[in-house]
1. Full-extension gain between ALA40 and THR69, please, as 0.36 nm times their residue separation minus the C-alpha to C-alpha distance.
2. Full extension from VAL10 to PHE94: what is 0.36 nm times the residue separation minus their Cα-Cα distance, to one decimal in nm?
3. Counting Lys +1, Arg +1, Asp -1, Glu -1, what net charge surrounds THR30 among other residues with beta carbon under 13 Å of its beta carbon?
Amino acid sequence: FPVTISGTNVTIRDDFNVSSITDNGTGDYTINFASALSSANYAIVGSAGGGGANVNPRIVGPSQANPTTTNLRITVVEDAGNLDDMAYVSVAIFI
């Protein structure tokens, strides 16, 4: 299922089984699932952009915590490796 986030004001643009997003700081988000997944062994694909002058933004996940059946913590970094809030963050999870 996919989720699209506005990272600059941390709102869910579109969701599928996502109940909320927790802003843990600059470029650091927890995606909370509405219904628990059947397993924490899922694949994560993501993209990010719209950060102004920053190029090559990327999602690095999971971040600081292993994925669980109820949430996933991700980070978004810009090309220099610094955490950054991008205007568009998209994540797809395959289980």
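Only the coordinates and a few stated rules stand behind these numbers; no lab work does. Small disclaimer: the values here were computed from a predicted structure and weren't measured. Using ideal geometry, Cβ is built from the backbone for each residue, glycine included, and neighbour counts are taken over all protein chains shown.
1. 10.0 nm
2. 28.0 nm
3. So the environment of THR30 carries a net charge of -1.
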